[in-house]
Amino acid sequence: MSFVRMTPPSSSHPRPFRLTAALTLALVACGAPTQEETGTEVTATQQAELATARVRLMAANISSGNNQSYDPGHGTRIFQGTQPDIVMIQEFNYGSNSAADIRSFVNTAFGSNFYYYRETGAQIPNGVISRYPILESGEWTDTQVSNRDFAWARIDIPGPKDLWVVSVHLLTSGSGVRNTEATNLVNYIKSKVPSGDYLAIGGDFNSDSRSEALFSTFSSVVSTASPYPADKNGNVNTNASRGKPYDHVLVSSNLRAYQTSTVIGSSSFAAGLVVDTRVYSPLSDISPAQSGDSGSTNMQHMAIIKDFLVPSDSVSTGVTVTSPNGGESWTTGSTQAITWTSSGVTNVKLEYTLNGSTWTTLTSSTSASTGRYTWTVPTTATTTARVRVTDASNSATTDTSDAAFTLTTSSGGGTGSAKLVINEVLANEAGSDVNGEFIELVNTGGASADLSGWTLSDASSVRHTFPSGTSLAAGKAIVVFGGASGIGGTPNAVAASTGQLNLSNSGDTVTLKSSAGSTVDTVTYGSSLSGSDGVSFNRSPDLTGTTYVLHTSLASTSSSAGKKANGSAF
């Protein structure tokens, strides 16, 4: 297998300044010996006065469906709901596995500011996804298996130490083979990872019990002792039937010293969390995850989460807005994430302005450590929007978007104040009956639209022309199917006037034009959105979003022709 470089987000951040030397000088000024004189590094007690940063680690083999991939969307919702900072991921497949498709998955599941590394040449590759910069990465050969290796990365987490993580997927064939894999991995680690840095080994061990020899082998570089992460019911096992401890996040002793309770919403898990949506309550704490996600087809593992409060780089307090930070263009009414970083701050106040002078409070106090707030964007268009994040207990500690960002009305157009959008498309029909392909149009405006003479096209030619007298009321949908037999009980649906939509499963462009030939709305999709049999792709959020995701990322159903994504009527 070949080496592949880590892939940063489109806008990368410089590596934070290390304060180890500065701290040493301060100690010397007070008469303390230097680290060189004592032969030791700064202890956790000495670092206690530094600020701390919460770092959430996750091990996740939570692919689903029939292709050992994240295309169906169940795992994506779990990532979105639990908000890990660093993930050691297995079966890292999505769409065509092109760089663009993998980047799209990372953006959707985590955010455009996340970095990733994915081994190449593997059928079911391991990888690492990180909020923090990946300084170097690579893969170590797993001699016991041919379709994946050990993926590793050195990550610049807050504080004076780097974190090395290894994503592993050990074999099911037997405990002896797994111990051989563990032995080889320990040797790789000892030859590469500095003993003073932090280390985490995470992933799918396929271990039948915690008494397997591999844990004794791993204990030379990481802590394997109890207590163990558990679900809402106290179950520490992680396979699909919840009877065996397949999955683990194991960390070095110097990092385990900083482990803290995993807090999500109103719940706290002292030793970490086994994420099983079937038993998690209240489910709203990990929205948009759905109760059936962990029980979806071929999801054979539960994700593992552990949180750590590590000494950070600075003794000073501060907050920094990371998104939106200027230049973004968001659709009015859409759901977006406000993100920030903080140091020495417990809670923050969030505000926004549409005109640069009048500020509206979103929340007067929310946890600073989450670094993220889901915001339903106002419905007023503007080119002068900004957000502000402030220490809830000290108004002097604040930061505002570096520049203005734009709020625009949703794409689409129509007659008068009508507004037509392509909301949902099924390009890969269930089975092989192309009559089941469909395109759903929704009038999101405030007036009826006259669709007489309007057309729907793919990349090749016009596939449907709306007959004279066709209209679509405000807030309603019309669905065009490939053929009449595909309509079934779909409300307000018609068959394509040419007898087919001919949408390609490998990617295509759908365009809606007015009777005057003006483009009203268009969407170009790739195989990542059309590669799942019978699964449509839909605006996200439904109706108002500017991007499209698999329907299974929004709801438990594979499609919802003529209805909203949640199944309710238009």
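The values are calculated or read from the model by the stated rules, or taken from the named source; none is laboratory data. From a predicted model like this one, the values you see are computed outputs, not experimental measurements. Cβ sites come from the backbone with ideal geometry, for glycine too, and all protein chains shown count toward neighbours. Areas reflect the complete protein model, heavy atoms only, side chains present, ligands, DNA and RNA absent. Shrake-Rupley method; radii C 1.70, N 1.55, O 1.52, S 1.80 Å.
Results, tabulated for the structure shown:
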| quantity | calculated |
| --- | --- |
| Residues (crowded, with 19+ Cβ neighbours inside 10 Å and farther than 13 Å from V462 by Cβ) located in the range 496-513 | L503, D508 |
| Residue among V145, V106 that is in contact (Cβ under 8 Å) with a residue 12 or more places away in the chain and open to solvent by less than 10 Å² (accessible area, probe 1.4 Å) | V106 |
| Residue count for the range 522-539, restricted to those that are part of a strand (DSSP E or B) and either surrounded by 21 or more Cβ atoms within 10 Å (Cβ to Cβ) or small (G, A, S) (or both) | 4 |
| Count - residues of the range 484-495 that are exposed (fewer than 14 other Cβ atoms within 10 Å of the Cβ) and hydrophobic (A, V, I, L, M, F, W, C) | 1 |
| Selected residue (criterion: farthest from D542 (Cα to Cα)) from residues of the range 408-422 that are modelled with pLDDT of 80 or more and in a strand (DSSP E or B) | L420 |
| Checking S448 against (1) over 35 Å from the mean Cα position of the chain (by Cα); (2) open to solvent by less than 20 Å² (accessible area, probe 1.4 Å), the condition it does not meet | (2) |
| Some residue of the range 293-303 being part of a loop (DSSP other than H, G, I, E, B) and free of Cβ contacts under 8 Å to residues at least 60 places away in the same chain | no |
| Inter-residue pairs, beta-carbon under 7 Å, first under 11 Å from A427 (Cα atoms) and in the range 503-515, second among the hydroxyl-bearing types (S, T, Y) and open to solvent by 40 Å² or more (accessible area, probe 1.4 Å), 6+ apart | T509/T522; T509/T524; V510/T522 |
| Tally of residues being modelled with pLDDT of 85 or more and open to solvent by 10 Å² or more (accessible area, probe 1.4 Å) across the range 432-445 | 5 |
| Qualifying residue in the range 546-554 (condition: part of a loop (DSSP other than H, G, I, E, B), open to solvent by less than 50 Å² (accessible area, probe 1.4 Å) and either within 16 Å of L426 (Cα to Cα) or among the aliphatic types (A, V, I, L, M) (or both)) | no |
| Some residue of the range 236-253 being under 20 Å from S207 (Cα atoms) and of a type in the set (F, W, Y) | yes |
| Which numbered condition Y280 fails, given (1) over 30 Å from G445 (Cβ atoms); (2) open to solvent by 30 Å² or more (accessible area, probe 1.4 Å); (3) of a type outside the set (D, E, K, R); (4) free of Cβ contacts under 8 Å to residues at least 60 places away in the same chain | (2) |
| Conditions (1) in contact with a helix residue (DSSP H, G or I) (Cβ under 9 Å, 6 or more places away or on another chain); (2) closer than 13 Å to L57 by Cα; number of the one not met by T260 | (1) |
| Residues satisfying the stated conditions in the range 329-346, i.e. outside any strand (DSSP E or B) and modelled with pLDDT under 85 | T332, G333, S334, G344 |
| When residues of the range 365-396 are limited to those that are open to solvent by less than 20 Å² (accessible area, probe 1.4 Å) and either in the same structural domain as G545 (by the TED database) or within 15 Å of V321 (Cα to Cα) (or both), the one nearest to the chain's Cα centre (by Cα) | G371 |
| Set N347, N355: member being more than 30 Å from N233 (Cα to Cα) and surrounded by fewer than 20 Cβ atoms within 10 Å (Cβ to Cβ) | N355 |
| Single unsatisfied condition, G176 versus (1) surrounded by 15 or more Cβ atoms within 10 Å (Cβ to Cβ); (2) within 25 Å of S146 (Cβ to Cβ) | (1) |
| Residue tally, condition open to solvent by less than 10 Å² (accessible area, probe 1.4 Å) and of a type in the set (S, T, Y), over the range 77-103 | 1 |
| Single residue of K190, K232 found to be in a helix (DSSP H, G or I), charged (D, E, K, R) and surrounded by fewer than 22 Cβ atoms within 10 Å (Cβ to Cβ) | K190 |
| L362 vs. criteria touching an Asp or Glu at 6+ places or on another chain (Cβ under 8 Å) and either crowded, with 17+ Cβ neighbours inside 10 Å or modelled with pLDDT of 90 or more (or both) | yes |
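Condition check ((1) acidic (D, E); (2) free of Cβ contacts under 8 Å to residues at least 40 places away in the same chain) across all residues:
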{"position": "T444", "(1), (2)": "no, no"}
{"position": "A447", "(1), (2)": "no, yes"}
{"position": "D450", "(1), (2)": "yes, yes"}
{"position": "W454", "(1), (2)": "no, no"}
{"position": "S457", "(1), (2)": "no, no"}
{"position": "H464", "(1), (2)": "no, yes"}
{"position": "S468", "(1), (2)": "no, yes"}
{"position": "A473", "(1), (2)": "no, yes"}
{"position": "V480", "(1), (2)": "no, no"}
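Residue by residue, here is whether (1) farther than 22 Å from S287 by Cα; (2) in a strand (DSSP E or B) holds:
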residue: L309; (1), (2): yes, yes
residue: N325; (1), (2): yes, no
residue: V348; (1), (2): no, yes
residue: L362; (1), (2): no, yes
residue: A396; (1), (2): yes, yes
